[in-house]
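The numbers here are math on the coordinates, done by the rules we state, and not lab data. In this text the structure is predicted, and so the values were computed from the model without any measurement. Backbone-built Cβ (ideal geometry, glycine too); neighbour counts: all protein chains shown.
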Amino acid sequence: MNISNLLRSATLAAAVLVTATMTSAKAADIVDTAVSAGNFSTLVAALKAADLVTTLKGKGPFTVFAPTDDAFKKLPAGELDSLLKPENKAKLTKILTYHVIAKKVMSADLAGKTLEEKTVEGSKLKIDAKGMSVKIDNATVDTADITTDNGVIHVIDTVLMPK
């Protein structure tokens with residue numbers, strides 16, 4: 001085999017390996033995306049405490065209005081620590097599922113509208129996308145349309161509380 005054929009064979013083998021690696025790599029779900037972002041560690045800890053990780057790693061599609069670590073810092077002193085206790089799992093679950101819609105809702109779907117969307121928790125979120133910013137109840141969307149393999153994340157600046 002001459003050097004030219006050897007190089008062609010090596011190039012083809014490398015291309016096949018790269019393609020196989022890329023096609024076998026799993027796209028990031030909502031939880032993995034939140035973990036890798038680095039500013040949702042409190043949300044991820046809360047999802048673990050509420051046993052919601054498996055759900056949000058599921059098929060979906062989901063829309064998650066994800067409060068950042070800074071959003072959780074706005075909660076009254078001691079409230080987060082209290083919510084993370086095992087005896088408050090039901091309350092934590094109610095709060096976290098209030099941040100989730102069981103369908104994929106992109107910002108383009110909301111643009112110029114005021115509407116309500118039913119959450120996984122069962123209540124409705126008020127969404128106002130008519131102005132310069134998008135409001136979800138009393139929170140503002142900081143970053144929209146972070147797509148994942150099972151839905152979308154919209155980053156918000158405040159933890160939402162169901163009524």
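Please give the direction-averaged projected area of the C-alpha convex hull for region 27-156, in square nanometres with one decimal. All intermediate terms of the calculation are to be shown ahead of the outcome.
Values: hull surface 29.5 nm².
Average of the hull's projected areas for region 27-156 equals 7.4 nm².
The antiparallel fraction among DSSP beta bridges confined to region 27-156 stands at about 75%. In this simple spin-label approximation, Lys91 and Lys130 carry label points 7 Å from Cα along the Cα→Cβ vector, and these lie 3.5 nm apart.
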